[in-house]
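Scroll down for the structure; my scribbles are underneath it.
What follows is calculated from the coordinates using simple rules that are stated; it is not laboratory data. On a predicted model such as this, the values are computed, not experimentally measured, just so you know. In this analysis, Cβ positions are derived from the backbone assuming ideal geometry, glycine residues included, and neighbour counts consider all displayed protein chains.
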Amino acid sequence: MDLLLITNECLKNAPNKRELRYFERVTSETGKVTVELGGSLARKNTKQRQFLEFVAQGTRPNQL
């Protein structure tokens, strides 16, 4: 059985016709995962931001 791999995932919202990016996850061809927090998530306090980064890194490659 082949493993499904998510190569790109992002969450965006467009209130008032202006697009806001909450996060984007990109998996390179070598399997390295990069997660960038944007918008209001990037401005969270240190403890909340560390938690979000921990959750992002713990997300399986085949899980959205």
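Which of the GluC sites (Glu not before Pro) found in the range 19-64 are loop residues per DSSP with 10 or fewer other Cβ atoms within 10 Å of their Cβ?
Values: sites: 19, 24, 29, 36, 53; in loops: 19, 29.
Here the sparse-neighbourhood loop sites are 19, 29.
Which cross-chain or sequence-distant (5 or more) residues have an amide H under 5 Å from the amide H of residue 23, H modelled 1.01 Å from N in plane?
11, 38
From the backbone phi of the range 38-48, what are the Karplus-calculated ³J(HN,Hα) couplings (6.51 cos²θ - 1.76 cosθ + 1.60, θ = phi - 60°) in whole Hz, Gly and Pro given as x?
Whole-Hz 3J(HN,Hα) from phi for the range 38-48: x, x, 5, 5, 5, 9, 5, 5, 4, 5, 5.
Averaging the inverse of every distinct alpha carbon separation and then flipping it gives the Kirkwood radius. What is it for the range 15-57, in angstrom units? Show your work: numbers first, answer last.
Numbers: mean 1/r = 0.0865 Å⁻¹.
The answer is 11.6 Å.
Can you tell me the length gained on complete extension of the stretch residue 40 to residue 9, counting 0.36 nm per residue apart and subtracting the Cα distance? Write out the running numbers ahead of the final one.
Values: separation 31, 0.36 × 31 = 11.16 nm, distance 1.77 nm.
Extra length from residue 40 to residue 9 when fully extended: 9.4 nm.
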